[in-house]
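Worksheet: one structure, shown below.
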Amino acid sequence: MKSYLTGAAFAALLAAPALAQDVTADTVLAEVNGEEITVGHLIAMRAMLPEQYQELPDQVLFDGMLEQLVQQQVIASVAEDDITTRMELGLENERRAFLASMFLDGIASEDITEDEIAAEYDAVFGSAEPVTELNASHILVETEAEAEALIAQLAEGADFAELAQEFSTGPSGPNGGQLGWFSAGMMVPAFEEAAFALDVGEVSPPVETQFGWHVLVLNDTREQAAPSLDEVRDEIVESLRRSRVDERIAELTDAAEVEMAEVEIDVSVIRNTDLIAD
């Protein structure tokens, strides 16, 4: 005799009576070796599913989750007869992590007011000055002599993009050396210094970095103003949620009685699974 039915068969068996009665979280959907699986178990399981599964049809989710819970309980019933130290410790870790995660999810999901969002925006962007951005192209070669030769060709009217496509060893070469828009701090220092010293349309002398020798041309510049509140609203809300969680963790940790044992230990012990093998 089988220990359980497939999810589809079980769902079909239960469909008629389940729809005919008032369903609560305690409504039993299956009993496996004396352990009940309820509607509440399915609700809790669905809430923890990855987002891509949340969009599945309810019938598909119902059948799949019920089948999985039945199978898990079948296996767990057997495993409980021979719980090892490793399993006990793993259960303690899982319980600890689950409770902490649920608590912090509750903290993070609390409402954030428009006043909080506006205040955070002002704190981050209120006094921000426009940022100068450059649009440049470059050709990367191995030696200074190669860079000098390219500069000579450019002085004679050669097309920068065509030279980049032919000679550049950098990943931007096939795209004519185009680097797009960047601001201070985004490039290595020597490259950035050379780029910011150029006028639009000007070609640089050879510039050495850890990647090789560069020939740069400045295509354009612009002043990028601070983003509007609407543009960064989601980022601000996420930042506020993270801050709220971090503050609560710090508050609870400070209030807790935590005593760190003063022991000298070889940290490689974390790899010694023999210690919890019984």
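Listed values, structure above:
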| quantity | calculated |
| --- | --- |
| Residues with amide H under 5 Å from that of M187, placed H, sequence gap 5 or more | none |
| Convex hull volume per residue in cubic angstrom - Cα atoms of segment 156-278 | 303 Å³ |
| Cα-based helix-to-principal-axis angle, 58-79 vs the chain, degrees rounded to 10 | 70 degrees |
| Dipole-positive endmost among S204, A152, G177 within segment 131-224 (Cβ charges, Cα centre) | G177 |
| Once the Cα gyration tensor of segment 92-140 is diagonalised, semi-axes √(5λ) in Å | 40, 24, 7 |
| The chain: radius of gyration and largest Cα-Cα distance (Dmax), Å | 31.3, 89 |
| Crossing angle, helix 229-255 versus the chain [Cα axis fit, 0-90 degrees, rounded to tens] | 60 degrees |
| 24 Å tail of the calculated P(r), segment 27-136, as % of Cα pairs | 56 percent |
| Relative packing of peptides 148-155, 172-179 - highest average C-beta neighbours within 10 Å first | 172-179, 148-155 |
| Per-peptide average of other Cβ atoms within 10 Å, ordering 263-270, 213-220 highest first | 213-220, 263-270 |
| Cβ-based exposure ranking for F160, F196, in which fewest neighbours within 10 Å come first | F196, F160 |
| Neighbourhood charge, 14 Å Cβ-Cβ cut-off, centred on L61 and excluding it, Lys, Arg +1 and Asp, Glu -1 | -4 |
| Convex hull per residue volume in Å³, alpha carbons only, for segment 131-224 | 82 Å³ |
| Neighbour-count ranking [beta-carbon atoms within 10 angstrom, fewest first] of D274, D122 | D274, D122 |
| With Cα atoms, 0 to 90° folded angle of helix 85-108 axis to the chain main axis | 70 degrees |
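Rule-based calculations on the coordinates, nothing more; no lab input. Given the structure is predicted, the values throughout are model-derived calculations rather than measurements. Positions of Cβ are backbone-derived with ideal geometry, glycine not excepted, and every protein chain shown enters the neighbour counts.
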